[in-house]
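Shown next, in C-alpha cells, is the structure this report addresses.
The values are calculated or read from the model by the stated rules, or taken from the named source; none is laboratory data. Just so you know, these numbers come straight off a predicted model, no measurement behind them. Here the Cβ positions follow ideal geometry from the backbone for every residue, glycine too, while neighbour counts run over all protein chains shown.
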Amino acid sequence: MSQAIRSVFIEAPKHTKSPGKDKPEDTVDGTELALQVEQACNDLVTAGYSVLQIVPVTSGGNNYKNGMGYGYGYGYTSGVMIVAGK
C-alpha cells in the first residue's frame, strides 16, 4: 500500500561563531537549505507526489548569567517541513 501523504523534515545547516565570546552566534546557511529543499521537492515529484506545503520550523533558546546582569532570548529557523500528497 502506498502512502497518500508524505512529510519530510530538513534540518537547516548552521554555522556557529563564538571566538572568545560567551554568546555563540548561530547563522542558518540559507543557500544550502534552499538546495536541500529543492532536492527533496524534486525527489518527491519524481516519486509521484505533489508538494502541498513547505513550513518553517523555528526553535529558540535563552541564556542568563547570574550576577552578570544580562539575559537574552532568540529564535531561529531550525529547518523546514515539506508535506506532499498523491
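Being over 11 Å from the mean Cα position of the chain (by Cα), surrounded by 12 or more Cβ atoms within 10 Å (Cβ to Cβ) and not in a helix (DSSP H, G or I) is the filter here, so list the residues in region 28-52 that pass it.
Result: 47, 49, 51, 52.
Filtering region 1-19 down to residues that are modelled with pLDDT of 75 or more and in a loop (DSSP other than H, G, I, E, B), which residue is nearest to the chain's Cα centre (by Cα)?
Of everything passing the filter in region 1-19, 12 is nearest to the chain's Cα centre (by Cα).
Assuming residue 62 fulfils every condition listed in (1) at pLDDT below 85; (2) surrounded by 14 or more Cβ atoms within 10 Å (Cβ to Cβ) apart from one, which condition is it?
(2)
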